[in-house]
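Take a look at the structure set out below.
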Amino acid sequence: MLRLRGREYDRDAALVMAIVNRTPDSFYDRGATWDDGPAFERVRRVVDQGADIVDIGGIKAAPGEEIGADEEKRRIVDFVAGVRQEFPDLVISVDTWRASVGRAVCEAGADLLNDAWGGYDPELAEVAAEFGVGLVCTHTGGVAPRTRPHRLHYDDVVREAIDSTVALAERAVALGAPAESVLIDPAHDFGKNTWHSLELTRRLDEMTATGWPVLVSLSNKDFVGETLDLPVGERLTGTLAATAVCAWHGAQVYRVHEVVETRQVLDMVAAIRGVRPPARAVRGLA
C-alpha cells in the first residue's frame, strides 16, 4: 500500500507524476517553465489533465553550469510554497539529491523527495524521516550527480538495481521514514547504457516483486531515442511503448512530460489486466 499526503493507493493504482522544470536549460522543454508564470500554468494544466503528483526540479540532470544549494533553493522553495497554497491537496514531489534543499522544500510543503542520484547525500533520507515524507530511492551505479555514465559494467543490472534500491529503502525506513511512502526506481539512463535500460524494462516484474512501490522515469529518455534513432522531440511513441511494458509489469508511479497520453496508456493496460473496467462498454450489448 502506497501512502502519499494522507491518501492510500492500492497496488493496482497507477499514478502519473508530471514534471515541472524550474531550469533554463532542460533537455526537453528548453526552459519553457523557467519563469514563474509559465511554471504555475504548467502545474495548473497538468492538474486539470489528471496528474496525481507534480515533480518540481531546479537542476537539470545532465552536465552543465554548476548550481549550488542556495541557487537550487532560490529556484524551487518559494515555488513549492506557492503551489502548496494554490493546491492544498496536491501531492508535491521535489527532485533533489541535497539534504539542505530537501529540508527547505519540506518546510515549504513538499510531500515526497525524489532522490534521482541514489543516496549521494545520505542525509536526505534523514530529512525524509524528520518530516515524515516520502522518498524515492534510485539506482545510479554509484555515479556522481550530473555526470554521464561511461563504460559501466554490471554482471546483472536488474539484480544490482534491486539490491541497491531496496537497501536504500530499508535504510530510510530504519531512520524513521514512513515505510508506506518509500518507493524504488531503477533510474533508466542514470548510470546505464541503452542495453541496461532495455533490460530493466523487460525484467521490471522482478523489481515490482520486491513489494516496494516502483517509480519509473521513462519520458523521452536517451534509451528510447537510441533504440529508435530519434531526437528528443520525436520520442513520445517509444516512451509510451515502454510505459505500457512497465505498467504490465506493475510499476506504480510514472514520471512524465505528457500527462494525457500516459494516462490513456495506463488505463488501457489496467483494463487489459482486468483491474479497471472500460469507461464505456455498449458494443454487442445494446
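The values are calculated or read from the model by the stated rules, or taken from the named source; none is laboratory data. Quick caveat: nothing in here was measured; it's all calculated off a predicted structure. Heads up, the Cβs are rebuilt from the backbone with ideal geometry, glycines too, and the neighbour counts pull from every protein chain shown.
A few comments on the model shown:
- Enumeration of residues in segment 80-103 that are crowded, with 23+ Cβ neighbours inside 10 Å and not charged (D, E, K, R): V80, V83, I92, S93, V94, T96, W97, V101, G102
To keep it simple, each residue is scored yes or no on (1) surrounded by 21 or more Cβ atoms within 10 Å (Cβ to Cβ); (2) in contact (Cβ under 8 Å) with a residue 60 or more places away in the chain.
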| residue | (1), (2) |
| --- | --- |
| L200 | yes, no |
| E206 | no, no |
| A209 | no, no |
| L218 | yes, no |
| V232 | no, yes |
| V245 | no, no |
| W248 | no, no |
| A271 | no, no |
| P277 | no, no |
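- Contacts under 7 angstrom Cβ, first residue in segment 26-46 being farther than 14 Å from I56 by Cβ, partner outside any helix (DSSP H, G or I) and of a type outside the set (D, E, K, R), 6 or more apart: F27/A62; Y28/N220; Y28/H257; G31/T23; G31/P24
- A single entry from D12, D29 fulfils the requirement of being out of contact with any Asp or Glu (no Cβ under 9 Å at 6 or more places or on another chain), exposed (fewer than 15 other Cβ atoms within 10 Å of the Cβ), not hydroxyl-bearing (S, T, Y) and not in a helix (DSSP H, G or I): D12.
- Number of the exception - A110 against (1) out of contact with any Ser or Thr (no Cβ under 8 Å at 6 or more places or on another chain); (2) over 15 Å from T23 (Cβ atoms): (1)
- Options G119, G102, G64; residue that is part of a loop (DSSP other than H, G, I, E, B), of a type in the set (G, A, S) and touching a helix residue (DSSP H, G or I) at 6+ places or on another chain (Cβ under 6 Å): G119
- Single residue of A110, A174, A144, A167 found to be at negative phi, at pLDDT below 95 and among the aliphatic types (A, V, I, L, M): A144
- Count of segment 9-47 residues which are of a type outside the set (A, V, I, L, M, F, W, C), within 26 Å of A177 (Cα to Cα) and out of contact with any strand residue (DSSP E or B) (no Cβ under 7 Å at 6 or more places or on another chain): 3
- Of all residues in segment 164-209, those that are assigned to a loop (DSSP other than H, G, I, E, B), touching a helix residue (DSSP H, G or I) at 6+ places or on another chain (Cβ under 6 Å) and either under 18 Å from A116 (Cα atoms) or of a type in the set (A, V, I, L, M) (or both) total 4.
- Within segment 34-61, tally of residues that are more than 18 Å from the chain's Cα centre (by Cα) and either in a loop (DSSP other than H, G, I, E, B) or aromatic (F, W, Y) (or both): 3
- Cβ-Cβ under 6 Å pairs, at least 6 apart or on other chains, segment 9-23 side farther than 24 Å from I59 by Cβ, far side surrounded by fewer than 22 Cβ atoms within 10 Å (Cβ to Cβ) and of a type in the set (A, V, I, L, M): Y9/L2; D12/V275
- Taken over segment 220-230, the criterion of being buried (at least 19 other Cβ atoms within 10 Å of the Cβ) and either in a loop (DSSP other than H, G, I, E, B) or of a type in the set (S, T, N, Q) (or both) is satisfied by N220, K221.
- Considering the conditions (1) out of contact with any Gly (no Cβ under 9 Å at 6 or more places or on another chain); (2) under 20 Å from T165 (Cβ atoms), T96 is excluded by exactly one of them, (1).
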